[in-house]
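Heads up, the thing below is written out as structure tokens.
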Amino acid sequence: MERVSPHTGWLRVDDPVAAALVVDDTSRRYLEPLLAQALTASQLAQLLSVHHSSVLYRMRQFVAHGLVAVERVERRAGRPMTYYRAAAAGYFVPFAATPFESQDTIASGAFRRLQRVLERSIAVAWTEAAGELRPLGLHLYAGSHGVSFDLAPENRGGHPRAFFASLLDEPSPAVWDSLSRVTLTRERAKELQRDLARLLERYRDASDGAPQREYLVRLAMAPLARTSGDDG
């Protein structure tokens, strides 16, 4: 077995071509698993459910730009098995090296794929939870906390918020998505920020040996930044 590359430290990515490979949703998908472990092209193809040739193409790109290295080569009868791994424990891409036009767009660009996966997963679980209450639709109404624009099943004679209460029942899938405006003092806002961080950490590694499945969790808050195009 031939060992070629260690896996240590942080790598600053200043080359614009290499930076584009890191921040692009499609190519980064091939890079992310290699941060945790060394994989052959076949193993990575199976993990990502993509064609073997697509993985080899990406590995050539990554290796050429120093983002991925060959960790080891296992000799065997026939073709040797090449194991690829990220060239560092992590990457830092300065904004100046990215293809984004402004720093305002960098977050949405960097996380676009995960946002799409999250939104699709919410839609699937939302539809499952709606069950016989379909059809789903959008509800615009004024409530005790201001104007709401919610996706919920049509509830003739009732209130769309009843659907969200039913999501907490045991038979319903564990799904939630809400976007709210709240008015807080600076101190209360910091308290909420820390509560959100602690809440996620509380559940990140909790396991009692029971069967598990992977969930995509979004916790977000920010001071409302208005633009010139906003009304009100």
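No value in this document is a laboratory result; all are computed from the given coordinates. Keep in mind the model is a prediction, meaning the values are calculated, not measured. Positions of Cβ are generated from backbone atoms using ideal geometry, with glycine treated the same way; all protein chains shown enter the neighbour counts.
Kindly put F62, F95 in sequence by how many other C-beta atoms sit within 10 Å of each C-beta, fewest to most. Walk me through the intermediate numbers first.
Details: F62 22, F95 11.
Placing the least packed residue first, the sequence is F95, F62.
Looking at V63, H52, F92, which one has the Cα that reaches farthest to the positive end of the dipole of region 46-99 (charges on Cβ: Lys, Arg +1; Asp, Glu -1)?
Result: H52, furthest along the dipole toward the positive end.
With each pseudo-label sitting 7 Å past Cα toward Cβ, what's the V117-D205 distance in nm, one decimal?
2.2 nm
Among rounded, prolate and oblate, which fits region 1-102 when a ≥ b ≥ c are the square roots of the eigenvalues of its C-alpha gyration tensor, a/c under 1.5 means rounded, and a/b larger than b/c means prolate?
Since a/c reaches 1.5 and a/b is larger than b/c, the shape of region 1-102 is classed as prolate.
Just grab the label-to-label distance for K190 and V124, each label 7 Å out from Cα along the Cβ direction, in nm (one decimal).
Placing both labels 7 Å beyond Cα along the Cβ direction yields 4.1 nm.
What ranking do L199, L167 get, fewest neighbouring Cβ atoms within 10 angstrom at the top? Write down the numbers at each step before the final one.
On the way: L199 12, L167 17.
The fewest-first ordering by Cβ neighbours comes to L199, L167.
What spacing in nm lies between the two simple spin-label points modelled at L216 and A20, each 7 Å away from Cα in the Cβ direction?
2.5 nm
Just rank T26, T40, fewest to most, by other beta-carbon atoms within 10 angstrom. Intermediate results must be reported in sequence, preceding the final value.
Values: T26 10, T40 16.
Listing T26, T40 from fewest to most nearby Cβ atoms yields T26, T40.
Return the sequence-ordered ³J(HN,Hα) values of region 43-60 in whole Hz as given by the Karplus equation 6.51 cos²θ - 1.76 cosθ + 1.60 applied to θ = phi - 60°, using x for Gly and Pro.
5, 5, 4, 5, 4, 8, 6, 10, 6, 4, 5, 5, 5, 4, 4, 5, 5, 4
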